[in-house]
Amino acid sequence: MSGPLHATAFATDSVVAGEAASDFAAAPELPDILPPVTIRRGFLGFLWRHPAIAVGGALVATMLLIALLAPWLGTVDPTALAPARRTRGPSATFWFGTDMLGRDIYSRVLYGARVSLGVGFSVAILASLAGLAIGLVSGFFRVADGSIMRVMDGVMSIPPILLAIALMALTRGSVGNVITAITIAEIPRVSRLVRGVVLSLREQPYVDAAVAAGTRTATILIRHILPNTVAPMTVQATYVCASAMIVEAILSFIGAGTPPTIPSWGNIMAEGRALWQVKPYIVFFPAIFLSLTVLAVNLLGDGLRDALDPRMMKRL
Amino acid sequence: MLNYVIRRILATIPVMAVVALFVFSLLYIAPGDPAAVIAGDQASPADVERIRQSLGLDRPFLVRFSEWVWQILHGDLGTSIFTNLPVAALIGQRIEPTLSLMVVTLILAVSVAVPIGVLAAWKPDTLIDRAVMAFAVLGFSVPVFVMGYLLAYVFALELDWLPVQGYTQLREGVWPWLENLILPAIALGFVYIALIARVTRATMLEVLQQDYIRTARAKGMGQSGILFLHALKNAAVPIVTVIGIGIALLIGGAVVTETVFAIPGIGRLTVDAILRRDYPVIQGIVLLFSFVYVLVNLLIDLLYTVLDPRIRY
Amino acid sequence: MDRREFLKSATGAGALAATAGLAAPAISQRLAARTLRFVPQADLANFDPIWNTQYVVRNGAALVWDMLYGVNANLQPQRQMVESEEVSADRLTWTFRLRPNLKFHDGEPVLAKDVIASLARWQARDNMGLMIKAIENELVAVDDRTFRWTLKRPYSKLPIALGKVGTPSCFIMPARIAATDPFKPISDYVGSGPMKLVRSEWVPGARAVFERFSEYVPRQEPSSWLAGGKQILLDRIEWVVMADPATASAALQNGEIDWWETPLADLVPVLKKSRNVAVDIADPLGNIGSFRMNHLHPPFNDVRARRAILTAMSQEDYMRAVVGDDAYWKPLPGFFTPGTPLYTEEGGDILKGPRDLDAAKRLLDQSGYAGQPVTCLVAQDLQIAKAQGDVTADLLKRLGMNVDFNAIDWGTTAARRAQKSPPGQGGWQMFHTWHAGAVCVDPSSYTAIRANGDKAWFGWPTSEKVEAEITAWYEAANLDEEKAAISRLNRAACEDVVYAPTGFFLSHQAWRSNVSGIVKGPLPFFWGVSKAA
């Protein structure tokens, strides 16, 4: 977790470092007052300077791999039930034990990664796209700004979990509906962020110049404003992803989440919660996986925020 | 200033109108039929229809919406379908526990988060800083109910220091009241602490770079003096902002915490109402929450003028 | 003194010194010994036992309202509010006399006119009541303590109807309250039962509080279920609603609650191990798990498809999923409660023996099943329904059927199961539930066994044979004739598959060991229950 004193984009780092190193080699020997500094270059050097991104990214990548490779990691059918062998503890055959219906928890947790990560990433992407569109329009066109922001305020003033539960109560439990419900709850925040960026950029001289030159609005938006929103939006997207995964778990806990025929970390925990005092492993394993993943995504977000322009990020 | 307050209050009306329309429409198109649930297992479809008519659920949208708005403006939040009690009375019964929980959580969170955020900013990039930030990120990552179960298991069941569940009213004594709220407040407060600590640290770091801090140091002012007299006061605005935003988080988290610790508050009332499709209760509560949130934001904006004399409306 | 008590006393004393004059601890300790904290099976959202037929409402209503008769532990009706009854020689006229000095909570005496009004309201919602109404000539109050019921045909089961456990039970309310439309809920909860509902402390969804009614005069006989003297040995009973079984379990172990109506079977071992907690079977009459198929629409409108399911289903799987431990369930090749006089396994061979998946598949093919989706309603918030639903989904998959799994809540289940529309348009083909064993001992309150098509319970089974045998049972003159009728009924019900019984299972109740007087039964009985300090 780095402070604002660190450098900005990694491209500049290696270039400067590269030139400095070559000058250094040609110069006369200096007295030994300063310890030798190792300048690491390239991608690995970037990761070394930003451990948050390294650790977070590695964990997220691991979880993604687990999710993708689930069928080949020693799993069985996660929905195969066998009540005769219910609630067995972790053992050599069932690495994480079995649940109340005799299903293998290890398999359910690995397949559950697909749903939880799927929900997290989908919400992040969809909310970002929608928020981007709304924020751009709202920030750039003063006419629309007032009414759009009132609507966003309205949606935002309903606590997000309650909004998601209410939306889920309207429909059947399905992964798609969960994604939609959480996305709707997250859009206002993203749109506010984008709108903020657009508002501050709109005053820049080069935008004025573009307008004066008669450039089409769409071109201004796409060529000048959009690129500047990418950085803060990426960071915000990671936070949205982390938040979405937790909200999915809470929705399942309440009973308004993904359908139980598809294992997700949230609903494995929800099903096991009644037995948590006697068979804690049913809740424990998905909880660990969920916490680690959310932690990793948060770390990634923090690291990205510090690595990219800190002045833009300070509000995040 | 008064002008600003009036303008802001007027500006909340369209927001509330949007919320009202949004909430009412969503529930109107919802599937699920409270009349059938009330009629019970042994009822025939004719019985169900009769109950539906007696509850007025078969009239058109606009009629129901206008009636509802009219009632709200007269202070009548409707009557619960399931319990036949006025929604306002139901909320009144349940508001003390939720309010208590939120106040205790708020106090706990701020009193823990701000000092550790300041500490982390004071010693950036040290072990303390990293520990604080790690703790903060952990707070975001563990779901509230897992934290709740853990705390209940360790502190209530095993160590028997605190009760597992329930709520005691304030008028039965301060300690009994507090006793029931400590574990839920910690479980709920984790996320809040994480959020506030991060923002505190980030803002303090920025503030500590400023020239006037360097001047103060040059003048020979003590470290705590600098931190609290100058730095924190200037950092107050974003911190207070995030506290305000966090209240929406708290309400959401209260829902889960109230379930785990069996606290008879509004969070549980809302979830029960939503899952049972008790429309009047849902409408009344969401409207209330939005109003509170809007009010809190207004108060915070006004608080800015106190905290930062440069801000004038 | 445990740690928490210590902390409470030391700091509590300090806090008291600070907060002037709140003498909480001393008073509340005395009150605590006479207060019972009970966790009911569900939330008590509204409290009209005629309008709302949920078991939890009946259980609370049994405290607040009294009944004319009450069944005892042998399911025989005994007089409760009635002092004596007279049946005419032709068995068509019943004259009842009420006990003296029966009072309502508001001080008014219980009069015959109150009884008449209550009976009228109850009849409108109850199966047996409707049967009686169909053969009723008149129901009048003769004087303040006497009323007369004249029928067109004899109805020997009248006392059972008036004292039964099956909902809606016949509770007696003041005439002004009983005048409420039976399809609208009452809003005044005044009764003549041994306890009063404390309206001001009732928080629907969280708690309900009952206070002893000091002017209640219990009968002299010892109490047995709903019969006998309802002696209340406590001052207050607090019903605390806990949605989370883990919380209830921890609270019971910690002494924060005194009696838990429905501990999960999986939590029973840890409760048994805990000192100060006693656990036992709640009701030897147990429960019958069930899922119902929709007889109106394909595929289950064809009896072969229904029989295919019965051929393939494994009651063992269902019961293990519901209660786990083998000691708590029994296979049930029939529809009536094991251990009762009318129990029979006649015709239940289809549910016995090793499961034949191939035979089932053949039957399914014969019925013409062509792969259309089967809409299955599974309530997630009730452990029993959810466990059964998961097993069914697996069963249908193994049979090669296309499952449309609807994971909903119990409220939505109640709504959707009432729809007769075809599955693609909001209807359903299967839903899961269970029935109290006390209700399934004979056809009198057993709504689920009726097979009169459109008027039957959800699923709308039609079976003339079943209906004929039900009538035969009502007209049976003695136990042997009853048994014969029930045997034939069972066979017919199995052949036509009125519904699919998933097995017989027992549930538990748990309480602190300083509580005594808790008996086994189909509902929690609070009379005779006391708490040592």
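Given the criteria touching a residue at least 24 places away in the same chain (Cβ under 8 Å), open to solvent by 10 Å² or more (accessible area, probe 1.4 Å) and facing chain B (nearest Cβ under 9 Å), does residue A:161 qualify? Steps first, please.
On the way: touching a residue at least 24 places away in the same chain (Cβ under 8 Å): yes; open to solvent by 10 Å² or more (accessible area, probe 1.4 Å): yes; facing chain B (nearest Cβ under 9 Å): yes.
Yes; evaluated as a whole, the condition is true for this residue.
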(request) Find the residue count for the stretch B:68-83, including only residues that are of a type in the set (Asp, Glu) and modelled with pLDDT under 80. (result) 0
(message) Being closer than 30 Å to residue B:235 by Cα, part of a helix (DSSP H, G or I) and in contact with a Pro (Cβ under 7 Å, 6 or more places away or on another chain) narrows it down to one residue among A:246, A:268; which is it?
(response) A:246
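Being in contact with a helix residue (DSSP H, G or I) (Cβ under 9 Å, 6 or more places away or on another chain), under 25 Å from residue C:228 (Cβ atoms) and among the basic types (Lys, Arg) narrows it down to one of C:465, C:520, C:531, so name that one. Walk me through it before giving the result.
Details: C:465 fails: under 25 Å from residue C:228 (Cβ atoms); C:520 fails: in contact with a helix residue (DSSP H, G or I) (Cβ under 9 Å, 6 or more places away or on another chain).
Being in contact with a helix residue (DSSP H, G or I) (Cβ under 9 Å, 6 or more places away or on another chain), under 25 Å from residue C:228 (Cβ atoms) and among the basic types (Lys, Arg) holds for just one of C:465, C:520, C:531, which is C:531.
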(message) Looking for something among the acidic types (Asp, Glu), within 14 Å of chain B (Cβ to nearest Cβ), open to solvent by 40 Å² or more (accessible area, probe 1.4 Å) and not in a strand (DSSP E or B) - is there at least one such residue anywhere in the stretch C:400-413?
(response) no
(request) Taking the options B:86, B:97, B:34, name whichever one is open to solvent by less than 10 Å² (accessible area, probe 1.4 Å), within 14 Å of chain C (Cβ to nearest Cβ) and either modelled with pLDDT of 75 or more or closer than 22 Å to residue B:252 by Cα (or both). (result) B:97
(message) Can you pull out every residue in the stretch A:123-137 that is closer than 18 Å to residue A:202 by Cβ and surrounded by fewer than 24 Cβ atoms within 10 Å (Cβ to Cβ)?
(response) A:132, A:133, A:134, A:136, A:137
(request) Please tell me if residue B:162 is within 25 Å of the chain's Cα centre (by Cα), open to solvent by less than 30 Å² (accessible area, probe 1.4 Å), more than 13 Å from chain A (Cβ to nearest Cβ) and more than 20 Å from residue A:284 (Cα to Cα). (result) yes
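Would you confirm whether or not the stretch A:291-307 contains a residue that is outside any helix (DSSP H, G or I), open to solvent by 10 Å² or more (accessible area, probe 1.4 Å) and of a type in the set (A, V, I, L, M, F, W, C)? Explain how you work it out, then say what you get.
We begin by selecting, within the stretch A:291-307, every residue outside any helix (DSSP H, G or I); these are none.
Scanning the stretch A:291-307 turns up no residue that is outside any helix (DSSP H, G or I), open to solvent by 10 Å² or more (accessible area, probe 1.4 Å) and of a type in the set (A, V, I, L, M, F, W, C).
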(request) Provide a single number: the residues in the stretch A:251-277 that are more than 9 Å from chain B (Cβ to nearest Cβ) and open to solvent by 40 Å² or more (accessible area, probe 1.4 Å). (result) 2
(request) For residue B:50, state whether it is within 14 Å of chain C (Cβ to nearest Cβ) and either modelled with pLDDT of 80 or more or within 30 Å of residue B:139 (Cα to Cα) (or both). (result) no
(message) Need a quick list: helices (runs of 4 or more DSSP H) entirely within the stretch C:96-206 having at least 3 residues that are open to solvent by 30 Å² or more (accessible area, probe 1.4 Å).
(response) C:112-123, C:127-134
(message) Can you tell me which of (1) within 11 Å of chain B (Cβ to nearest Cβ); (2) assigned to a helix (DSSP H, G or I); (3) without any contact (Cβ under 8 Å) to a residue 12 or more places away in the chain is the one residue C:424 doesn't meet?
(response) (1)
(request) Report yes if some residue within the stretch C:456-473 is within 14 Å of chain B (Cβ to nearest Cβ) and either touching a Ser or Thr at 6+ places or on another chain (Cβ under 6 Å) or surrounded by fewer than 21 Cβ atoms within 10 Å (Cβ to Cβ) (or both); otherwise report no. (result) yes
(message) Any residue at all in the stretch B:185-207 that's within 14 Å of chain C (Cβ to nearest Cβ) and either within 28 Å of the chain's Cα centre (by Cα) or part of a loop (DSSP other than H, G, I, E, B) (or both)?
(response) yes
(request) Could you please find all residues in the stretch C:213-235 being crowded, with 16+ Cβ neighbours inside 10 Å and under 24 Å from the mean Cα position of the chain (by Cα)? (result) C:223, C:224, C:225, C:226, C:227, C:228, C:229, C:230, C:231, C:232
(message) Taking the criterion of being of a type in the set (A, V, I, L, M, F, W, C), under 21 Å from residue A:170 (Cβ atoms), open to solvent by 30 Å² or more (accessible area, probe 1.4 Å) and within 14 Å of chain C (Cβ to nearest Cβ), would at least one residue in the stretch B:286-297 satisfy it?
(response) no
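The values are calculated or read from the model by the stated rules, or taken from the named source; none is laboratory data. Quantities reported herein were computed from a predicted structural model and do not represent experimental measurements. Here the Cβ is made from the backbone with ideal geometry for all residues, glycine too, and neighbour counts use every protein chain on show. We work out accessible area using only protein heavy atoms, side chains counted, and drop any ligands, DNA or RNA first. Shrake-Rupley method; radii C 1.70, N 1.55, O 1.52, S 1.80 Å.
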